[in-house]
Every structure is written in C-alpha cells, then in structure tokens.
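What follows draws every value from the coordinates through simple rules; no lab data is involved. Everything numeric here is computed off the predicted structure, so don't read it as measured data. Because the Cβ atoms are built from the backbone with ideal geometry, glycine has one as well, and the counts that use them run over all protein chains shown.
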Amino acid sequence: MPKTKMCTILDLLRWGSSRFNAAQLTYGHGTDNFWDEALHLILPSLYLPLNIPTKIYHAKLSMKERSLIMKLINLRIQKHIPVPYLTNKAWFCGLEFYVDNRVFIPRSPIGELILSNFHNLLSTPPKYVLDLCTGSGCIAIAIATIYPKSKIDASDISIHALKVAEHNIQLHNLAHQILPIHSDLFNNIPLIKYDLIITNPPYVSNIVMRKLPKEFLHEPTLALSANSNGLEIIHRILINITNYLNTNGILICETGISKNSVIQYYPNTPFHWFNFNHKDGGVFALTYKQLLSFRNKNYIIKE
C-alpha cells in the first residue's frame, strides 16, 4: 500500500503500471504491456469504458474505489491472476464478454477473420454454423453479429464453460440465434450439414503445459491441454468432421503453437494458412473435399 494518498484515476494508473512493470508478470490476455494492463484492470473495475476521454483520468475516486483497485493490483502481482478474471470482463471483435476461470480468456486471431468476413472465403453467408469448443461463446456470438440470419450451435465438453457461454448469449440477446450444446466434440452434435465449422480447440502439449507462465495456469486445463503432442483433439476433429459438413462447407481451425506439428504430421494436406496483421496465428482452413481426402488417408497420431 503506498504511503502517500492517491486520489485520481491517473494516480492509480501511474502507480499500478509502475507496480506491474517492476513485477515479473506475463501479459497476453488482452494486453501486451504494463500500461495497457493497468488500464484494463482499473477502468472496467470502475465501470468505465476503455476509451473514455483522458481528461476523466483526473476524476477523484472514493476511498472504497481506491481500496478495491489497490486490492486487485496486488492480486494481479502476488497471484499472477489474469486481469480478465479479476474484472470478469474481456473483449473480442469489439464486443464485451463476461469471463471467469471456468473459461479460456478470449484472444483468438479468429476474431480478425470474423471481422474481415473470413477474407471472402465464404461465397455466401453461412446458414448453419458450428462453433466447436465454444468456451465463453465469444466466437459464436461474434459470428452471429456479422451474420444475423445464421443459425449457430455452440458446443463444449465443459458444462461449466457452457454456463458462461449461456450467460454471454443472453447478455447479447442472441438466444434466438445460438444454441448451446453440451458435447465431447461431435458426440451430441445433430447430424445436420453445417456450412461452416469453426474451432479453437485445446492444442497445448504436455511439455509446453509444464512450461507455461503462471498466468496461463489459472485457465482451465481442459481448454488448453491436448496430451503428449498437442494434436489429439485436432486429429479427432479432422477424422470425423465430414459427417457434419456439407459438400460446400469449410472448416476453420486454430492450432496456435502446434502449427508446426500439424504441418509435420499431415505433410500432404493442403492447409490454407491465414495471414494476420500482427502475428502468425496458426489458423487454417480446409474444404469438405480436402477433408474427405484427409480422412481416407487414415493418419495415425504418433506419441
């Protein structure tokens, strides 16, 4: 606790960002630097938007507000809790979502694809969409805002994650458009033919899991870990997906840090890897015909 009394938002932003910069923190849950981290913690905690005019930074805070923010800053540093779990707020495709430690924190580069209408990969708006491994529901909800006539199924193996997704679906008034489904991948998915299946599945190998910074270990293991080589879930998706995709349909899948492993294990598969503005997001697309060919090759995952 600082000895001098801090009164304004700016005082706490300066103090909080200095504390973050001095601490051994890892960013990556919506920010990539100590100043933005302080902004994302302090302003939402005060129920203020991130884009408020900077002159409001000089507003004085109540003692209760100051105490709350100081407590949250200390929690961020001492326990390495990601900011979205402290504020219960995250943003994806410009939309606000409720999050807690039942779900993976939204940050997928798939958001850039959604905002660009999938780089014109889809010739027409999809009638039926499946968001596999939906987590907080952010991808399904973002797609629903871009394609208001699409019917979207949002599935997850975690009933706890689905509770969060359902909350976000209600928050965005999309219950008429998005159906949450409790399912281990395709087990409980209806046998309709989807125009688009999109997924950000678990893809972190056991070795990488053991090396993750503390911040990432607050996220549900079920949303991250994919056993020894990180490909178990992706492989299950690839060998079963043609039963659920129409003949003109497309799969879009994030592989993240397992991109090189995907290329190595499936060397003759014609993945279309997307380019992103800021980094290599490890996201590919495959058409129904390409997936049918993949299934017929009977790949075996090596441990």
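A few remarks follow.
- Segment residue 36-residue 21, extension gain: residue separation times 0.36 nm, minus the distance between their alpha carbons: 4.3 nm
- Label-to-label distance for residue 257 and residue 228 is 1.9 nm, based on points extended 7 Å past Cα in the beta-carbon direction.
- Cα gyration tensor shape of region 157-242, rounded if a/c is under 1.5, else prolate or oblate by comparing a/b with b/c: oblate
- Mean residue ellipticity, 222 nm, helices only, the chain: the sum of -39500 (n - 2.57) across DSSP H runs of n ≥ 4, divided by residue count and rounded to 500, is -10500 deg cm²/dmol.
- Rounded to the nearest 20 debye, the dipole magnitude of the chain is 620 debye, with +1 charges on Lys and Arg beta carbons, -1 on Asp and Glu beta carbons, and the Cα centre as origin.
- Of the cross-linked pairs 79/211; 193/279; 193/289; 5/71; 79/259; 214/259, those separated by over 26 Å at the C-alpha level are 193/279; 79/259.
- GNM result for the chain, Cα springs below 10 Å: residue of 49, 84, 109 fluctuating most strongly: 49
- In the chain, a dipole from Cβ-located charges (positive for Lys and Arg, negative for Asp and Glu) runs towards its positive end, and of 250, 217, 111 it is 217 whose Cα lies farthest in that direction.
- Nearest-ten-degree value, helix 63-79 long axis tilted from longest Cα axis of the chain: 50
- Residue 268/residue 149 FRET efficiency (R0 35 Å; Cβ-Cβ; nearest 0.05): 0.40
- With N as its number of residues, region 9-87 has a Cα radius of gyration that, divided by 2.2 N^0.38 Å, comes to 0.99.
- Choice from 66, 210, 107 with maximal GNM fluctuation in the chain (Cα, 10 Å cutoff): 210
- Computed E for residue 10/residue 246 - FRET, C-beta separation, R0 41 angstrom, nearest 0.05: 0.15
- HN-Hα J in Hz across region 212-217 - Karplus 6.51, -1.76, 1.60, θ = phi - 60°, x for Gly and Pro: 5, x, 4, 4, 6, 6
- Phi to ³J(HN,Hα) by Karplus 6.51 cos²θ - 1.76 cosθ + 1.60 over region 82-88, Hz, x for Gly, Pro: x, 3, x, 6, 7, 9, 6
- Where labels lie 7 Å past Cα in the beta-carbon direction, separation of residue 221 and residue 65 in nm: 4.2
- Across region 181-200, the residues whose backbone nitrogen lies under 20 Å from the label position 7 Å along the beta-carbon direction of residue 116 are 196-200.
- 5 angstrom amide H check on residue 250, placed H, neighbours 5+ away: 196, 197
- Region 19-88 and region 194-237 have Cα centres separated by 28 Å.
- The tail of the calculated P(r) for region 222-262 beyond 11 Å holds 71 percent of all Cα-Cα pairs.
- Beta bridges per DSSP with both ends in the chain, % antiparallel, nearest 5: 40
- Each residue of region 46-59 was assigned a 3J(HN,Hα) from its phi angle through the Karplus expression (A = 6.51, B = -1.76, C = 1.60, θ = phi - 60°), giving 9, 6, 10, x, 5, 9, 5, x, 5, 5, 6, 4, 8, 5 Hz with x at Gly and Pro.
- Between residue 279 and residue 236, the C-beta separation translates, for a Förster distance of 41 Å, into a calculated FRET efficiency of about 0.95.
- Based on the reciprocal of the average 1/r between different C-alpha atoms, the Kirkwood radius for the chain equals 20.5 Å.
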